[in-house]
Amino acid sequence: MTNEIKQAVRIGVDLGGTKIEAIALDAAGKPLMRRRVETPCGDYVATVSRIVTLIEGIESDLGQQGHVGVGIPGAISPSTGRVKNANSTCLIGQALDRDLEHALDRPVRLANDANCFAISEATDGAGADASVVFGVILGTGCGGGIVVNGRLLTGPNAIAGEWGHNPMPWPEADELSTPCYCGRKGCIETWLSGPGLARDYQQHGGQALSAIEIAKLAETAGDERAHACLVRYEERLARALASVINVLDPDVIVLGGGMSNLQRLYLNVPNLWGPYIFSDTVTTRLLQNRHGDSSGVRGAAWLWPAC
């Protein structure tokens with residue numbers, strides 16, 4: 001890898017199931033350029049090629065190379081050096097970091113997309129003033145990432161923060177039997193993801209609606225069934241986050257993903273989690289993300305340290 005890199009620019013890439021987004025940040029974190037393309041469906045070779053083309057196009061327009069970080073819907077296994085736990089299944093078993101390094105002729109840093117969200121919000125987002133930040137994705141799944149004193153924790157198994165595939169804590173009788181794609185039952189993700197909320201609404205007599213539609217029904221139409229569904233969701237989220245607080249004791253929990261746009265969560269959930277937390281007082285703050293959909297791609301850029 002012989003190319004000399006001017007370190008003033010960081011380039012972050014967010015590899016999603018339907019889109020690939022890239023951003024270039026200057027040394028202070030100011031966005032210089034942003035681009036987005038479609039993700040090739042189920043085609044690993046084409047995906048690598050599209051990422052490389054996206055990066056090279058940005059660098060051509062900027063007139064310089066940058067350090068590259070990539071957020072992926074999975075993780076690099078420490079034992080095999082290949083992608084594991086990816087819901088974009090064409091990535092599983094691939095040496096994505098090495099393939100990108102070979103194509104770009106420079107080092108590339110990869111991290112789980114939830115970890116990228118966490119490092120973004122801990123660096124210059126909602127948790128920028130906090131020592132310990134737990135970043136939570138509440139979307140089609142439930143991911144998580146941990147940042148301590150500005151440093152991302154991954155762990156020896158590359159699963160730090162993966163709270164979504166633990167069982168729902170202090171479960172009700174009906175919360176243990178719901179199957180999860182991971183092969184187990186009763187995972188937190190089966191209840192706190194957007195699809196999980198939608199399924200719960202149907203199970204209580206509601207129509208087949210998205211989580212966003214259910215939230216709108218509760219807030220604007222005063223629909224009692226939708227309101228009750230959100231009350232159950234909040235209580236489950238309180239229990240799930242309480243179990244994290246009992247282990248990690250973070251200063252701040254930052255929510256991301258589609259469900260994070262429900263403003264009622266930030267008042268109601270902290271009022272509910274107290275009885276489950278092993279402390280007389282709870283000062284952990286529950287905050288909405290600052291960078292919205294941009295947090296993941298910004299966090300990928302922040303995988304490189306300050307220049």
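The values are calculated or read from the model by the stated rules, or taken from the named source; none is laboratory data. Keep in mind the model is a prediction, meaning the values are calculated, not measured. Cβ atoms come from the backbone with ideal geometry, glycine included; neighbour counts cover every protein chain shown.
Pairs meeting the criteria (first residue in the stretch 272-290 and over 19 Å from W170 (Cα atoms), second residue part of a loop (DSSP other than H, G, I, E, B) and of a type in the set (V, I, T), beta carbons under 9 Å, at least 6 apart or on different chains) are T284/I277. Just a yes or no: is a residue in the stretch 6-13 modelled with pLDDT of 95 or more and over 17 Å from R106 (Cα atoms)? No: zero hits.
Taking the residues in the stretch 170-186 that are charged (D, E, K, R) and in a loop (DSSP other than H, G, I, E, B) as candidates, determine which candidate is nearest to the chain's Cα centre (by Cα).
R184
State whether one or more residues within the stretch 80-92 are in contact with a Ser or Thr (Cβ under 8 Å, 6 or more places away or on another chain), outside any loop (DSSP other than H, G, I, E, B) and buried (at least 24 other Cβ atoms within 10 Å of the Cβ). Scanning the stretch 80-92 turns up at least one residue that is in contact with a Ser or Thr (Cβ under 8 Å, 6 or more places away or on another chain), outside any loop (DSSP other than H, G, I, E, B) and buried (at least 24 other Cβ atoms within 10 Å of the Cβ).
Among the residues of the stretch 123-138, is any buried (at least 24 other Cβ atoms within 10 Å of the Cβ) and acidic (D, E)? Within the stretch 123-138 (the criterion being buried (at least 24 other Cβ atoms within 10 Å of the Cβ) and acidic (D, E)), the answer is no, since none of the residues qualifies.
Within the stretch 282-302, restricting attention to residues that are hydrophobic (A, V, I, L, M, F, W, C) and touching a strand residue (DSSP E or B) at 6+ places or on another chain (Cβ under 8 Å), the residue that is surrounded by the fewest Cβ atoms within 10 Å (Cβ to Cβ) is L287. Among the residues of the stretch 114-122, not a single one is within 25 Å of G196 (Cα to Cα) and part of a strand (DSSP E or B).
If you go through the stretch 93-108 one residue at a time, how many are surrounded by fewer than 16 Cβ atoms within 10 Å (Cβ to Cβ) and either outside any loop (DSSP other than H, G, I, E, B) or touching a Gly at 6+ places or on another chain (Cβ under 8 Å) (or both)? Write out each step before concluding.
Of the residues in the stretch 93-108, the ones surrounded by fewer than 16 Cβ atoms within 10 Å (Cβ to Cβ) are 93, 95, 98, 102, 105, 107.
From the residues that got through so far, the ones that are either outside any loop (DSSP other than H, G, I, E, B) or touching a Gly at 6+ places or on another chain (Cβ under 8 Å) (or both) too are 95, 98, 102.
Within the stretch 93-108, residues that are surrounded by fewer than 16 Cβ atoms within 10 Å (Cβ to Cβ) and either outside any loop (DSSP other than H, G, I, E, B) or touching a Gly at 6+ places or on another chain (Cβ under 8 Å) (or both) number 3.
The lone criterion from (1) exposed (fewer than 15 other Cβ atoms within 10 Å of the Cβ); (2) touching a Gly at 6+ places or on another chain (Cβ under 7 Å) left unmet by N246 is number (2).
Restricted to the stretch 262-281, and to residues that are assigned to a loop (DSSP other than H, G, I, E, B) and surrounded by fewer than 16 Cβ atoms within 10 Å (Cβ to Cβ), which residue is nearest to the chain's Cα centre (by Cα)?
Of the stretch 262-281, the ones assigned to a loop (DSSP other than H, G, I, E, B) are 262-264, 273, 277-281.
Within this subset, residues satisfying the condition of being surrounded by fewer than 16 Cβ atoms within 10 Å (Cβ to Cβ) are 263-264, 278-281.
On the way: Q263: 19, R264: 21, F278: 27, S279: 28, D280: 30, T281: 28 Å.
That would be Q263.
For the residues I72, I55, I23, the requirement of being touching a residue at least 60 places away in the same chain (Cβ under 8 Å) and surrounded by 14 or more Cβ atoms within 10 Å (Cβ to Cβ) singles out I23.
For the stretch 145-173, the tally of residues that are closer than 11 Å to P250 by Cβ and touching a residue at least 60 places away in the same chain (Cβ under 8 Å) stands at 1. Scanning the stretch 23-45 for residues being in a strand (DSSP E or B), under 19 Å from L303 (Cβ atoms) and of a type outside the set (D, E, K, R) gives a total of 6.
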